[in-house]
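The values are calculated or read from the model by the stated rules, or taken from the named source; none is laboratory data. Treat the numbers as computed from the prediction; the structure is a model and nothing was measured. A quick note on method: Cβ atoms are made from the backbone with ideal geometry, for glycine too, and the neighbour counts reach across all protein chains shown.
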DNA sequence: CATAGATTCTATAGCAGTATAGAGCAAGCC
DNA sequence: GGCTTGCTCTATACTGCTATAGAATCTATG
């Protein structure tokens, strides 16, 4: 049944992958800039200096290309987040590391992540749901750590964990959309400031310079 | 030269505006759901139960429709923000009110705001720049209040005002993208929690239940 | 009813974009 | 050299979409 392949396979041994990645990389770049529906396969081909039709040797449809880009856009996120959750440390410390881990890929794989965040909604149901599971895994990690903080008293009682999680992730994910125009900010610095903001807020109250005074409710 | 109008004018006396608004409202709805480039004029017409070509009586191009939607998407934002800035009150209190004012339209004009946030980048340069001015005005309001807080010592010294502003707005704007799936949360409650989070952070340190202990660095 | 203005309709030009078919070409191996 | 495999090309079918032209309908008013 799968004897005759209707189309050449991407996956071969070693070198061929190179090219395939260049293709997907170009797609990511253009999708990120113009959005999925705003991108023509011609535009992707232009970036690569090849013919529009040649792209179809690498993916079976534009949608498939989007899926490939989105998939790479989530690579490592879940694993990194779950590693932090399983690690040792106080909840607020873990939260800081979650934020850093979440922002890191934004630095190194801007286009992929941007496409994942902004364009995944245009995927067909099947693949969108698959990616949805990843998103939810990340959300769960953040929410879990926040709940742990509430449980051990290091996070304010009465905090709506889910809402706080959405706030933190919203803040982090937004970075992808201003990063291009606001260059020059080091991502590590951003992560640090965000973590501090989330932990202590902006108010110049007690624990300003670093007061780690943990005190149960 | 402009003697013969190439196309009927939208603006008349009173009733006609009604219909025009229904059209724009439908456009907002579909743009919000499928994105600008993912929306065909046919899809907008379907919502209205009219023919695709009839839409062009109300706008001259799909782009013009997007612009109209985006414009309405910013209505009130700038004014509300600047009113808060000019009002009396401590910076952190103003910031809380800024957040509330910023979230309110998300409640009442979801589609418009969502389109403004997610699709304005597809506008032609001219109109995008015009909207960019509004965006920057809002950013300025937030940043200004934060700076005021730093200046009077109510906000932590050394805070990167611009980064903090981007964090807060990122957090707020993200709401538009999960609000649909996460119904049931009252917007006022969200605003209150966000304000508290931004002011005091999640950490259960000193000023938990309401300790207003202001202390300069 | 006739006229005017406003609104919607039918029909269609014309272009852009996705995807397929199949030829050509380069490299490596027999 | 001849065969195979991998990659790219040309050419094109086909669809869907934007926008225009102009006829038809509806509404109000004299």
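Which residues, counting only those in region A:43-54, are assigned to a helix (DSSP H, G or I) and more than 17 Å from residue A:32 (Cβ to Cβ)?
Within region A:43-54, A:52, A:53, A:54 meet the criteria.
Please enumerate the residues belonging to region A:1-58 that are surrounded by 11 or more Cβ atoms within 10 Å (Cβ to Cβ), modelled with pLDDT under 95 and more than 10 Å from DNA strand D (Cβ to nearest atom).
Within region A:1-58, just A:21 meets the criteria.
Please verify whether region A:81-99 includes one or more residues that are within 14 Å of chain B (Cβ to nearest Cβ), crowded, with 17+ Cβ neighbours inside 10 Å and not in a helix (DSSP H, G or I).
no
Name the one entry in A:71, A:66 that is in contact (Cβ under 8 Å) with a residue 60 or more places away in the chain and either under 24 Å from the mean Cα position of the chain (by Cα) or assigned to a helix (DSSP H, G or I) (or both).
A:71
Scan region A:93-127 for residues that are out of contact with any helix residue (DSSP H, G or I) (no Cβ under 8 Å at 6 or more places or on another chain) and under 12 Å from residue A:31 (Cβ atoms) and jot them down.
Listed by number, the list is empty, since nothing qualifies.
Which residue, of B:28, B:64, B:45, is more than 13 Å from DNA strand C (Cβ to nearest atom), more than 14 Å from every other protein chain (Cβ to nearest Cβ) and more than 14 Å from residue B:112 (Cβ to Cβ)?
Numbers: B:28 fails: more than 14 Å from residue B:112 (Cβ to Cβ); B:45 fails: more than 13 Å from DNA strand C (Cβ to nearest atom).
Going through B:28, B:64, B:45 in turn, the sole match is B:64.
Quick one: is residue A:76 surrounded by 17 or more Cβ atoms within 10 Å (Cβ to Cβ) and out of contact with any strand residue (DSSP E or B) (no Cβ under 8 Å at 6 or more places or on another chain)? Steps first, please.
Numbers: surrounded by 17 or more Cβ atoms within 10 Å (Cβ to Cβ): no; out of contact with any strand residue (DSSP E or B) (no Cβ under 8 Å at 6 or more places or on another chain): yes.
Taking the combined requirement at face value, the residue does not satisfy it.
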